[in-house]
Amino acid sequence: CEAPERRERPECAAFLAEHPQVDLAQAAAGLQGAMASIESDHKVWDHSLAVEAVALHRKLCEDPERRGCPECAKFLAEHPQVDLAQAVVGLQGAIASAASEHKTWEHSLAAEADALHRRLCEAPERRDRPECAAFLAAHPAIDGDDLHRRMAANAASNAAWDRNFTAEAQALHRSLCLDPARRQRPDCLRFLAEHPGAMEVGASAAPAGRDLHWSSVKGWAAAPQRKLRGAGAGGLAAPLEPEALRASHWAGMIPKVSCIVALPMHGTSMRRVEDVVREFHRQTYEGPTQLVLVHHHEDLETAEAVRMLADGFHIKGAAARGPVEDYPSSAALRFGAWSSDGDAVARWAHDEEHHPKRISLQVRALALAARPASVLVPAGGAAAPGDATLLGEAAWMRENWWP
């Protein structure tokens, strides 16, 4: 029916209308997605069934009447009771691994679909089609240098994610082991002896400082006096010196910090976004961190760069809306804070160098002074205008931060 001499026949016109041309790339991507979803669901079902079977077997064998049976003694020896802290850490590791593998699979599938689409559209008989011309213009071929640069950026992001997850796992383990009900357990005694406080890497020996508790920050944020400015009238300001902050150490949970950066509209190349991520990775904060890259949803070039570098956990993208002429607006930055999942939120500049210990010192200042927010003050000077270095407890920031 696609032959010129038959295309206009009524029966051919009706057939072609009922059976439009199928896009091969979309069909292949849809089929692969469906197969992957089925395989994932099956693995989850298998795992759930195995866990239920072991739990039922354990319940039966722990009955006093059956505990002495040889088969139950063998089963209980092969399936010892799982330590709670280790189980939580193991579960987080499995979830993170699955998420990482899924993200890798999504990137791989998208790359294969783009490659197939490109191969089809580069054929001489299709190159001039409007949809192929638009695709080739939006997906130019990647040269070797650009590919190597992207691979290096991804490797750095993965290494930072590994460090971030290790910090989260250790913080959770510490929080569990500091509970009075578990503190004297052999595994907790061993862990606390091997990890005596989350001191800053490379810090020189200093006099013993105060213990830092994040609960004091959350408690102050819930108090009636919840405002940033007005320190003069209410005596809310508590200036702290870096030496006192370095001498303190965390006792219990170390908070996760989400840094919010608004990327400029248009002209933000892949290399510029990589520079922002690289500057963020210079931080030596001992706890988990997150960088939220805010961009305008109409800035397609920046959106593509963010998509290539974001992993959805350690590095996230946030597409802000609103009039282009108002971007970056207060609403855009607040949207970035809303989309984050940290215990604290920090404003982050895309065009400045940040001291490697900025996050560490500011978060310690919150806990040491029991305040919900902090800013950096240069020696002999005043705080940066416009709250440019503001860092605060997440709930407090979402209510009070209007950049």
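Between His266 and Ser339, what is the label-to-label distance in nm when each label sits 7 Å out along the Cα-to-Cβ direction?
Result for the modelled spin labels: 2.2 nm.
What residues qualify as long-range amide H neighbours of Thr289, i.e. H under 5 Å apart, gap of 5 or more or another chain, H built at 1.01 Å from N?
Amide H neighbours of Thr289: Val257.
Going Cα to Cα from Lys218, which lysines come in below 30 Å? Please leave out same-chain ones fewer than 8 positions away.
Once the sequence-local lysines are set aside, what remains near Lys218 is Lys227, Lys256, Lys316, Lys357.
Rolling a 1.4 Å sphere over the protein heavy atoms, what is the accessible area per residue of region 256-403, to the nearest Å²?
40 Å²
Sticking with the crude label model, points 7 Å out along Cα→Cβ, report the distance from Arg321 to Glu301 in nm, one decimal please.
2.5 nm
State the percent of C-alpha pairs, over all pairs in region 233-367, separated by a distance greater than 19 angstrom.
On the way: 4772 of 9045 pairs.
Summing the P(r) tail past 19 Å for region 233-367 gives 53 percent.
Can you give me the % of accessible surface on region 288-364 that is carbon or sulfur? Probe 1.4 Å, all protein chains present, nothing else counted. Working shown, then result.
Working: 1680 of 3130 Å².
That share works out to 54 percent.
The values are calculated or read from the model by the stated rules, or taken from the named source; none is laboratory data. Keep in mind the model is a prediction, meaning the values are calculated, not measured. For neighbour counting, all protein chains shown are included, and Cβ atoms are generated from backbone atoms with ideal geometry for every residue, glycine included. Only protein heavy atoms, including side chains, enter the accessible area calculation; ligands, DNA and RNA are left aside. Shrake-Rupley method; radii C 1.70, N 1.55, O 1.52, S 1.80 Å.
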